[in-house]
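Report on the following structure.
The values are calculated or read from the model by the stated rules, or taken from the named source; none is laboratory data. Everything numeric here is computed off the predicted structure, so don't read it as measured data. Cβ sites come from the backbone with ideal geometry, for glycine too, and all protein chains shown count toward neighbours. Heavy atoms of the whole protein, side chains included, go into the accessibility calculation; ligands, DNA and RNA do not. Shrake-Rupley method; radii C 1.70, N 1.55, O 1.52, S 1.80 Å.
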Amino acid sequence: MSIKEKIDALRQELSTHNYNYYVLDAPVISDFEFDRKLSELQALEEQYPEYKDATSPTVRVGGMITKNFETVVHEYRMYSLDNSYSKEDLLDWEKRIQKGLGDAPVEFTCELKYDGASISLTYESGGLVRAVTRGDGFQGDDVTTNIKTIRSIPLALKGDYPLKFDIRGEIILPFEGFIKMNQERIEIGEEPYMNPRNTASGSLKLQDSALVAQRPLDCLLYSIVGNNLNFATQFEMLGKARTWGFKIPTTAKLCKTTDEVMQYVDYWDVHRHQLPYETDGVVIKVNSLQQQEELGYTAKSPRWAMAFKFKAEQVSTVLEKITYQVGRTGAITPVANLRPVLLAGTTVKRASLHNADQIAKLDVREGDTVFVEKGGEIIPKIIGVDFDKRPPSSHPTVYISHCPECGTELVRQEGEAQHFCPNDMGCPPQITGRIQHFISRKAMDIEGMGNETVELLFKEGLIENYADLYTLTKEQVMPLERMAEKSAENLIQGVAASRSIPFERVLFALGIRYVGETVAKKLAKAFKNIDAIRTADMEALTAVDEIGERIAQSVVSFFKNDANRDMVDRLKSYGLQFSLSESQLANQTDVLQGQIFVVSGVFEAVSREELKKMIEDNGGKVGSSISSKTAFVVAGDNMGPSKKTKAESLGIPIISEEDFMKMLK
Ligand code: AMP
Ligand code: ZN
């Protein structure tokens, strides 16, 4: 056997085992045996790179890093679904369908509505070529490298598949894997994830595909679009796609009457809790593709499909106590501590009460029996009080007037829902929260330091604010709990390394209220250095695009505060970046001032991201969709047809990459 044959045989074999394990859920060899063969293949591929192949099972392990996910225009738009919440709505829809089809016989395919992140997979000649998120339905992000790590997604198809098509489905995180991931996180002292859906969708945008490979993601498919497709109905499509290697739940059912549809809905409303993943309803689709075409689409969804949403599960339990949490910005959140109760498979002990108004509106009191509901979130919410069960001794809830952490009197600004503790310099959770924000990944990204270290350093009196981080020494840190020489060194080094973090991130790290990542970028760009921001008045600040009164006021009051000014001075003296760098300053003009550009298609000289940056660097703005406000559409190859029509109908000039470059000259 030649090397090439050997590699091919191993690939074939491993693909089959992958399919048996992840799609059919019926493995035939041991995990150990599988890993051994995979290592063998990996070794061969390394030794003979000339046989590299993008669909080899070895790509499942990940390892590719994506810095920026390219935007890709969907060849076929990804529509939403209309929702119905009652059987009456559903019957009305079926009547409309019947009428629309002139009373011809109609059959329906019923499927479960899988609750995850939608994805569109493009296959050409049986190979997976691209995976794109839903985005706004017209264009999404290219997440192919991450998607390839999901074992149940076939990289190469079998059988009589069409030459080119897009298949759509949902990336989900089954409960079992989700719970396991959370257990591991809790063990290493990290916050557990809120719910499987958000975690699944967040996973798609991780930069390191090796991390995605470690997550127990799955992909369930439900629709195919393309030309020259070899099936005539939705139900037939599901069956065929299954034979090509896709994972398609067998819970789908062909229903010949509306009664059968209703039975399906009733059955799954009860039995969905036994499924290994989250579902939030049923999707009913007209089965015949020809009838689908006759019925067509509204502006956002197909007329031939309807989602039926299950009612969120509800239980009642006793609210034992209301406690209050203080966040980084001093915002107070009231929390309901409940008598533990089982809800949709998990024990619930706490629920959020949001704010004082919410408590007043519901008239919730300690000792009340309350109705608790679980929507998509893991933290459930209280939706009402069972007044019949209210104890006669009950008193209306009096919202706290003073901070539970530092005793300062709380304030509530006009128009704000939340109460705040104004003692930002002396309230412990606010102090540590600010430092934790400062060191976080999107801010100063200090390696070797986590939220718990911050709390420890603060508790031990080693730091009182983020400027103190820069005077810490190894000797001070080493005696701390769970610290050793190496970890102490890493911490000090991590702090030192953060001196090179660019200005806009330092500005974000300062934790000025309402100055998030984007606002920080805008301010940095407009003012170029901290002194200009520090001395800017309301007028100068609000003159910056998208900076309103609220943000401007917050910036002004931050720098009015002596303690903040001192801290910035100290940080300056430690060598942090407080102005845009030379290279950032170069290439910046105002020639596109205030004009909105929409970018579409693929470009030659620059990447789409670079093009967007050039627009922004020269004072323009990047819009996500074409509207009457759009000044120009910059079109590359493969501009989306719907964008083109839209631009033309609104009379917006479509310019090429070269035209754009000329504008900058
Ligand atoms: P919504 O996000 O509530 O508008 O619901 C529409 C989404 O439901 C679609 O974008 C799909 O991602 C998702 N979905 C889940 N299961 C199905 C299914 N069986 N058929 C069609 N769409 C589904
Ligand atoms: Zn306080």
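Miscellaneous remarks
- Net charge dipole size for the range 596-664 [Lys, Arg +1 and Asp, Glu -1 on Cβ; Debye, nearest 20]: 360 debye
- Accessible-area composition of the range 163-247, carbon plus sulfur, in percent [1.4 Å probe]: 54 percent
- Based on Cα contacts under 8 Å between residues 6+ apart, the range 63-222 shows a relative contact order of 30 percent.
- Under-5 Å amide H pairs with E313, H placed in peptide plane, nonlocal only: K374
- For the chain: span of alpha carbons on each principal axis (Å, largest first): 76, 75, 61
- The chain - mean residue ellipticity at 222 nm from DSSP helices (-39,500 (n - 2.57) per run, n ≥ 4, rounded to 500): -10500 deg cm²/dmol
- Here the chain is treated with +1 on each Lys and Arg Cβ and -1 on each Asp and Glu Cβ, and its dipole about the Cα centre works out to around 520 debye.
- The chain, relative contact order [Cα under 8 Å, separation at least 6], %: 9 percent
- Per residue accessible area in Å² of the chain, where ligands, DNA and RNA are left out and the probe is 1.4 Å: 50 Å²
- Whole-number percent relative contact order across the range 596-664, with pairs defined as alpha carbons under 8 Å at least 6 apart: 38 percent
- Given 10 as the ceiling on other Cβ atoms within 10 Å, longest exposed-site-free region of the chain for GluC sites (Glu not before Pro) in DSSP loops: 1-413
- Trypsin sites (Lys or Arg not before Pro) restricted to DSSP loop in the range 77-171 with at most 13 other C-beta within 10 Å: K158
- Carbon plus sulfur fraction of accessible area for the range 1-153, probe 1.4 Å, in percent: 51 percent
- Dipole size of the range 3-61 about its Cα centre, with +1 on Lys/Arg Cβ and -1 on Asp/Glu Cβ: approximately 80 debye, rounded to the nearest 20.
- Between the range 263-342 and the range 1-31, the C-alpha centres lie 38 angstrom from each other.
- Partner lysines whose Cα lies under 29 Å from the Cα of K256, excluding those fewer than 8 positions away in the same chain, are identified as K87, K95, K99, K113, K240, K247, K285, K300, K309, K311.
- Placing unit charges on each Cβ (+1 for Lys and Arg, -1 for Asp and Glu) gives the range 521-654 a dipole about its Cα centre, and among G640, G623, Q595 the Cα reaching farthest toward its positive end belongs to G640.
- Positive-end residue, the range 312-417 charge dipole about Cα centroid, Cβ charges, pick of S394, V315, P340: P340
- Projecting the Cα positions of W304, S573, M538 onto the charge dipole of the chain (unit charges on Cβ atoms of Lys, Arg, Asp and Glu, taken about the Cα centre) puts W304 furthest along the positive direction.
- Qualifying trypsin sites (Lys or Arg not before Pro) for the range 389-440 [loop in DSSP, other Cβ within 10 Å: at most 13]: none
- The chain - Cys residues lacking any other Cys C-beta under 4.7 Å: C110, C219, C255
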